[in-house]
Amino acid sequence: MNSNGAIRIGFYICHCGTNIAGVIDVDAVAAYAASLPGVVLSRDYKYMCSDPGQDLIAQDIREQGLNRIVVASCSPLLHERTFRGAVERGGLNPFLVHMVNIREHGSWVHEDGGLATTKAMDLVRAAVRRVVHHIPLERSRVPVHPDVLVVGGGIAGIHAALTLAAAGKKVTLVEREPSIGGHMAQFDKTFPTLDCAACILTPKMTAVKAHPNITLWTYSEVTAVKGSVGNFTVTVKRKPRYIREDLCVGCLECIDACIYKDGKFADEFNLGLSKRKPIYVPFPQAVPAVPVVDPEHCVHLKTGKCKDLCVQICAERNAFDFDQQPEFIDITVGAVILATGFTTFDAKRIPYYGYGVYPNVYTALEAERLVNASGPTGGEIVLPDGRAPASVAIVHCVGSRDADYNRWCSRVCCMYSLKLAHLIQEHTKAEIYNFYIDMRSAGKSMEEFYNRVSEEGVHLIRGRVADIYPETANGKDGHIGRVIVQAEDTLIGRIRKIPVDMVILSVGLQPQDDAEDVRRMFNISCSAGGFFLERHPKLAPVNTFTDGIYLAGACQGPKDIPDAVAQAGAAAAEALALIDAGFVELEPNTAYVMEEECSGCKSCIPLCPYSAISFAEDVLKATINAVLCKGCGTCVASCPSASIRQHLFEDAQIFSEIEGLLTHA
Amino acid sequence: MDPHAQASADWRPRIVAFFCNWCTYTAADLAGVSRLKYAPNTRVIRVMCSGRIDPQFVLDAFTRGADGVLIGGCHPGDCHYSEGNMKLLRRVHLLRRLLGDMGIDEQRLRLEWISAAEGEKVKTVVNDMVATLQKLGPLAFPERAAAWDLEMDEFERALAPAAALEEVTHG
């Protein structure tokens with residue numbers, strides 16, 4: 001390695017096809033770089049990140065004795081790793097390269113080629129001055145704990161957990177509801193194949209419970225996360241069910257025995273369309289099949305005075321424990337998969353659709369429960385007055401593609417609306433009117449399904465619904481009056497007012513209400529809409545900016561079941577790759593103390609969020625534990641005697657960058 | 001406009017920007033990926049955390065000829081390193097007072113919280129800062145410092161006989 005002695009800088013500028021070269025005069029920048037002190041070689045190339053581009057660097061290092069490299073191309077967040085690899089293959093320490101971002105911060109954001117070229121030259125000058133101060137560094141390795149945490153027990157979390165468990169990894173699956181299954185468990189049939197959701201989901205749910213490698217904690221939530229890639233300590237709160245999971249056999253006789261003869265409280269799983277008792281399972285196929293006692297309504301828990309018929313029937317199994325308290329358990333894992341899912345748009349936010357005002361206006365999720373054979377009506381589509389509707393309007397894009405609400409397309413609504421149209425027509429023979437803005441049926445077999453439904457005689461009206469209002473008042477006998485759905489049919493250019501018995505609002509998908517809290521807890525980022533942000537939209541779609549934390553399912557953005565499952569598999573594979581490597585290499589950008597200059601003032605110690613700085617009482621100096629240091633550099637900037645430094649972000653490097661930016665050659 | 005500033009027609013404000021790796025630098029990358037267009041006046045120096053930004057970096061940038069310094073970090077509560085951005089905020093408050101004493105308009109140092117999702121904010125902040133600096137005119141700190149040095153030299157020359165006398169007295 002020739003990193004000492006005379007500085008010999010190799011400079012490379014990438015055309016990136018025309019992405020850079022179309023705006024920035026790469027020849028001029030290359031010629032300019034060649035004139036800078038220390039630069040012994042300057043080249044431009046069509047695609048620096050390609051194999052030949054990388055080989056060029058490696059070969060030049062060997063043949064020209066280069067000992068510093070500057071690459072002007074795209075963002076270091078995209079290709080720093082690539083070029084460090086190329087430099088390493090050339091036999092040089094990988095940290096002797098510095099990248100100049102002239103694409104994301106240059107050609108893509110500036111229209112004036114001349115000014116963008118000047119900016120590129122300034123940045124190159126700064127980098128050339130900076131790289132002189134680079135020194136060889138070594139990466140340290142930390143072992144990776146082999147267990148994985150999966151947060152969220154919907155179809156994505158279930159699939160990720162099963163995949164990891166099948167690979168022999170120990171998985172803890174945490175779900176906040178009393179059962180796993182997520183939204184998919186609420187659906188009736190799934191588009192476009194119309195296979196029943198429960199038939200394909202419940203075997204996977206049972207497999208989770210049965211798998212020896214999976215610890216399933218339902219009715220539990222993550223409350224704190226510490227540590228970093230390879231070694232996270234996660235605190236899980238297990239809420240009291242008042243029934244011991246280890247003793248309950250799932251006979252559910254206690255539910256029948258409850259002193260409430262009938263359900264009295266809104267059933268969450270059926271979205272309030274039916275009533276449950278204070279002791280319940282969310283749905284018959286719930287996993288685990290262990291009831292939950294609702295402390296808000298249970299007579300024993302509220303008053304202490306109850307016949308406790310449930311306890312009596314449980315008898316010698318003795319699974320009841322009314323003294324249960326929330327339990328906080330710490331677990332250690334090497335990787336985390338977040339599969340926390342989505343919530344649906346609150347249709348009440350759009351007042352002119354009358355949700356919550358007119359009793360015959362439903363959301364799509366409510367409609368799913370109504371058509372579901374195990375739903376509150378046993379699969380009968382009926383209005384609150386008991387009649388089957390003779391006409392049904394299905395309103396697409398409720399809360400989606402709307403500047404006033406959510407701007408994004410929720411991706412699944414067109415297809416589930418068509419599915420509901422098909423199912424309701426099949427169940428009731430009603431006239432169905434689907435009001436859509438654009439029919440989005442991309443994906444395998446989707447367009448075919450759309451054609452099928454349109455051939456079945458469903459009325460497809462291209463127009464956004466502007467108003468929903470009553471045609472006739474509700475009868476005194478409980479008869480529910482029709483409502484008129486008004487929209488401009490944009491294909492015929494006419495306003496249409498269609499009276500219907502029932503309206504279904506196809507509500508869009510949006511981030512969970514507490515997505516922001518989850519995001520903060522796991523220290524990841526969100527996209528503009530509030531969905532969790534992937535590391536790269538194309539090349540790292542399940543990674544986050546926090547190493548060791550992966551995304552699966554709709555928490556990352558609206559997606560259908562096949563995509564959620566595919567992403568869950570990908571997230572599991574990423575976690576496996578991390579775990580099976582056995583260790584992670586840490587960026588060597590840690591802080592270190594120049595002991596002879598440290599005055600022992602201790603002002604740095606409370607600044608460190610990782611408690612990486614301690615005070616060595618024997619020498620009265622601060623010392624930094626490099627394994628704990630995450631490399632933020634806050635202590636470096638705060639040290640009054642400038643005795644703390646940071647690898648890769650040395651004062652000398654940053655000052656020379658500033659100088660380079662502002663010094664016109 | 002500042003009396004020292006003699007902006008020529010083709011003068012363009014020069015902004016040195018310090019962006020944290022996780023939020024603002026990523027947001028600037030996002031602005032690029034989204035092909036947003038903004039003024040080409042900034043030159044970004046990437047740091048891992050805004051907490052790494054030493055007040056001396058800012059002073060150095062001004063003394064070397066920057067017309068403005070832009071600092072971008074994660075929103076409060078969102079710092080990748082928990083609260084480096086808040087440590088920086090304390091320094092910026094102090095730094096602003098110091099800059100005032102140095103005759104540098106407060107608006108020349110701008111601190112913005114820009115999350116990884118806010119590519120649009122990078123664009124608006126940069127454009128807005130360029131417009132502000134256009135109004136303020138060149139800072140021309142190196143030239144001003146040179147003028148001060150000349151003044152000091154003259155002052156010392158004027159005092160020279162007295163100073164020499166004093167030296168003798170106290171010798």
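The values are calculated or read from the model by the stated rules, or taken from the named source; none is laboratory data. Remember, predicted model here, so these are calculated numbers, not experimental data. Positions of Cβ are generated from backbone atoms using ideal geometry, with glycine treated the same way; all protein chains shown enter the neighbour counts.
For the reader, a short list of remarks on this structure follows.
- Selection from the stretch B:69-78 of residues that are farther than 28 Å from B:Arg14 by Cβ and either among the polar types (S, T, N, Q) or touching a residue at least 24 places away in the same chain (Cβ under 8 Å) (or both): B:Pro76, B:Asp78
- Looking across the stretch A:539-556 at every residue that is touching a strand residue (DSSP E or B) at 6+ places or on another chain (Cβ under 7 Å) and under 16 Å from A:Gly153 (Cα atoms), the one that is farthest from the other protein chains (Cβ to nearest Cβ) is identified as A:Ala552.
- Among the criteria (1) within 7 Å of chain A (Cβ to nearest Cβ); (2) in contact (Cβ under 8 Å) with a residue 60 or more places away in the chain, the one B:Asp60 does not fulfil is (2).
- Of all residues in the stretch A:140-157, at least one satisfies being more than 10 Å from every other protein chain (Cβ to nearest Cβ), surrounded by fewer than 24 Cβ atoms within 10 Å (Cβ to Cβ), of a type in the set (A, V, I, L, M, F, W, C) and touching a strand residue (DSSP E or B) at 6+ places or on another chain (Cβ under 8 Å).
- Some residue of the stretch A:105-118 being within 17 Å of B:Asp29 (Cα to Cα), within 13 Å of another protein chain (Cβ to nearest Cβ), of a type in the set (Asp, Glu) and crowded, with 17+ Cβ neighbours inside 10 Å: no
- Among the residues here, A:Gly582 qualifies as modelled with pLDDT of 95 or more and on the phi > 0 side of the Ramachandran plot.
- Filtering the stretch A:202-218 to residues that are closer than 30 Å to A:Cys414 by Cβ and surrounded by fewer than 23 Cβ atoms within 10 Å (Cβ to Cβ) leaves A:Thr202, A:Pro203, A:Lys204.
- Check on A:Thr235, over 30 Å from A:Tyr450 (Cβ atoms), touching a strand residue (DSSP E or B) at 6+ places or on another chain (Cβ under 8 Å), surrounded by 15 or more Cβ atoms within 10 Å (Cβ to Cβ) and of a type in the set (S, T, N, Q): yes
Here is a yes/no grid of residues against (1) assigned to a helix (DSSP H, G or I); (2) touching a Phe, Trp or Tyr at 6+ places or on another chain (Cβ under 6 Å); (3) closer than 16 Å to A:Cys14 by Cα; (4) in the same structural domain as A:Ile102 (by TED's automatic domain parsing):
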{"position": "A:Met48", "(1), (2), (3), (4)": "no, yes, yes, yes"}
{"position": "A:Gly53", "(1), (2), (3), (4)": "yes, yes, yes, yes"}
{"position": "A:Ala58", "(1), (2), (3), (4)": "yes, no, yes, yes"}
{"position": "A:Ile61", "(1), (2), (3), (4)": "yes, no, no, yes"}
{"position": "A:Val71", "(1), (2), (3), (4)": "no, yes, yes, yes"}
{"position": "A:Glu80", "(1), (2), (3), (4)": "yes, no, yes, yes"}
{"position": "A:Arg84", "(1), (2), (3), (4)": "yes, no, yes, yes"}
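- Candidates A:Val287, A:Val299, A:Val311 - the one that is of a type in the set (A, V, I, L, M, F, W, C) and touching a Phe, Trp or Tyr at 6+ places or on another chain (Cβ under 6 Å): A:Val311
- Unique residue being of a type in the set (Ser, Thr, Tyr) and within 30 Å of A:Gly230 (Cα to Cα) when the list is A:Thr377, A:Thr303, A:Thr340: A:Thr340
- Filter pass, B:Val44 being β-branched (Val, Ile, Thr) and farther than 17 Å from A:Cys632 by Cβ: yes
- For the stretch B:66-112, a residue qualifies if it is small (Gly, Ala, Ser), farther than 30 Å from A:Gly227 by Cβ and at pLDDT below 95, and the qualifying residues are B:Gly100, B:Gly103.
- Number of residues in the stretch A:570-593 that are farther than 21 Å from B:Met48 by Cβ and surrounded by fewer than 16 Cβ atoms within 10 Å (Cβ to Cβ) equals 5.
- Residue match in the stretch A:326-339 (condition: without any contact (Cβ under 8 Å) to a residue 12 or more places away in the chain and not in a helix (DSSP H, G or I)): no
- Taken over the stretch A:86-104, the residue count meeting the criterion of being β-branched (Val, Ile, Thr), part of a strand (DSSP E or B) and within 11 Å of chain B (Cβ to nearest Cβ) is 1.
- On the stretch given as the stretch B:68-114, residues that are among the charged types (D, E, K, R), facing chain A (nearest Cβ under 10 Å) and closer than 24 Å to A:Glu650 by Cα total 4.
- Any hit, the stretch A:548-558, residues being more than 21 Å from A:Leu173 (Cα to Cα) and among the aromatic types (Phe, Trp, Tyr): no
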